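Below is one structure, written out as structure tokens, with a few remarks after it.
The values are calculated or read from the model by the stated rules, or taken from the named source; none is laboratory data. These figures come from a predicted structure and were not determined experimentally. Backbone-built Cβ (ideal geometry, glycine too); neighbour counts: all protein chains shown.
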Amino acid sequence: MNAPPSFESFLLFEGEKKITVTKDTKVPNAAVFLVMKEDHTLGNLITMQLHKDPQVLFAGYKVPHPLEHKFVLRVQTTADYTPQEAFTNAITDLISELSLLEERFKVEKLC
């Protein structure tokens, strides 16, 4: 079978970074984020959260290959807002939303 070992889907190798940021030289105020050991679930969550931000002009992701556990996220923002700020704010907002969902779930479970 050609599939990689299952542990490669979630364990970072020695010296491997979880997120790598590269400035996009073709488009102004844009960056490319390479997120390792994640898939469509997180890629879509972050992209949809970025779409809610009015200062984000473009946000999209792709998974380069189905057997590679990584996704590439491209973000373009307005001139006064960096893609890194947008990415960080999107992650912070997602954590807040998930915490609220968890609390509501616990309350419903107790009732």
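For the range 74-95, which residues satisfy the criterion of being among the charged types (D, E, K, R) and not in a strand (DSSP E or B)? Result: 80, 85, 93. Being within 26 Å of residue 78 (Cα to Cα) and polar (S, T, N, Q) is the requirement here; does residue 41 meet it? Considered against the rule, which asks whether it is within 26 Å of residue 78 (Cα to Cα) and polar (S, T, N, Q), residue 41 comes out as no.
Filter the range 1-37 for residues that are of a type in the set (Asp, Glu) and either at pLDDT below 85 or in contact with a helix residue (DSSP H, G or I) (Cβ under 9 Å, 6 or more places away or on another chain) (or both) and give the result.
Within the range 1-37, 8, 24 qualify.
The residues in the range 83-99 that are among the aliphatic types (A, V, I, L, M) and either touching a residue at least 60 places away in the same chain (Cβ under 8 Å) or over 14 Å from residue 52 (Cβ atoms) (or both) can be counted, and the count is 2.
Residues satisfying the criterion are absent from the range 19-35 (criterion: more than 15 Å from residue 83 (Cα to Cα) and not β-branched (Val, Ile, Thr)).
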